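Here the structure is laid out as structure tokens; the discussion comes afterwards.
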Amino acid sequence: MTTKSALYKNLLTDIENIIDDSVPTFTNLGNITALVKERFKWFWVGFYKVNGEELILDAFQGSPACVRIAKGKGVCGKSWKENKSFIVKDVSLFKGHIACNPNSKSEIVIPIFNKRKEVVYVLDIDHDKINAFNKEDEINLRLINKLILEIV
Ligand code: SME
């Protein structure tokens, strides 16, 4: 059986190889969400982009989702406001969680920083089962930020 850490190792190499800095950031982020979703068969994988005082849905793979999230609202808005990752084991227990799709049961959100250490996107991943994400996911997904630092 392929372990999660082996999947992550290949994923990070694949992300590195797929990034093409001659095309728009949206194109690269789209390919990254496709790689992540396909690799882990997760329910929803997407980036929200910081735009003024709100997040706007950017490149994603999965069901249609909420298009605007205010700063500090939901898991994504909190991740942006507090500059930190959130692992939500059961979305029904997270105060203020925004349910874009009732099938989403657990979630992980990673803030993406630019070179000036400002949050410019959040990476949001949803699972249709509770308790799907742990520290190993957080550590590995945060590494994606290093790989995309040149294009965000
Ligand atoms: N659940 C998120 C909203 C985005 S969707 O999950 C795609 C939140 O609470 O911020």
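Results, tabulated for the structure shown:
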| quantity | calculated |
| --- | --- |
| Derived scalar couplings ³J(HN,Hα) [the range 2-13; Karplus, 6.51 cos²θ - 1.76 cosθ + 1.60; whole Hz; x for Gly, Pro] | 6, 7, 4, 5, 5, 4, 5, 4, 5, 4, 5, 5 |
| Accessible surface, 1.4 Å probe, highest first, among residues Leu11, Leu93, Leu57 | Leu93, Leu57, Leu11 |
| Proportion of all alpha-carbon pairs of the range 70-111 beyond 11 Å (%) | 60 percent |
| Euclidean distance of C-alpha centroids, the range 62-109 and the range 7-45, integer Å | 21 Å |
| For the range 37-44, Karplus couplings with θ = phi - 60° (6.51, -1.76, 1.60), whole Hz, Gly/Pro x | 5, 5, 5, 9, 6, 6, 6, 8 |
| Total charge dipole magnitude, the range 4-148, about the Cα centre, Cβ charges on Lys, Arg, Asp, Glu only, Debye to nearest 20 | 440 debye |
| Mean accessible surface per residue for the chain, computed with a 1.4 Å probe while every protein chain stays in place, in Å² | 54 Å² |
| Percent of C-alpha pairs per 5 Å bin, the range 4-148, short to long | 2, 10, 21, 26, 22, 14, 5, 1, 0 |
| Solvent-accessible surface (1.4 angstrom probe) belonging to Cys66, in square angstrom, nearest 10 | 30 Å² |
| Karplus 3J(HN,Hα) series, Hz, for the range 82-97 with 6.51 cos²θ - 1.76 cosθ + 1.60 (x for Gly, Pro) | 9, 6, 8, 7, 10, 10, 10, 6, 9, 4, 5, 9, 9, 5, x, 3 |
| Accessible-area composition of the chain, carbon plus sulfur, in percent [1.4 Å probe] | 51 percent |
| The chain, relative contact order [Cα under 8 Å, separation at least 6], % | 21 percent |
| The range 86-133: relative contact order as a whole-number percent, Cα under 8 Å and 6+ apart | 42 percent |
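The values are calculated or read from the model by the stated rules, or taken from the named source; none is laboratory data. Because the structure is a prediction, the values reported are computed rather than measured. A quick note on method: Cβ atoms are made from the backbone with ideal geometry, for glycine too, and the neighbour counts reach across all protein chains shown. Quick note on the areas: whole protein, heavy atoms, side chains included, nothing else; ligands and nucleic acids left out. Shrake-Rupley method; radii C 1.70, N 1.55, O 1.52, S 1.80 Å.
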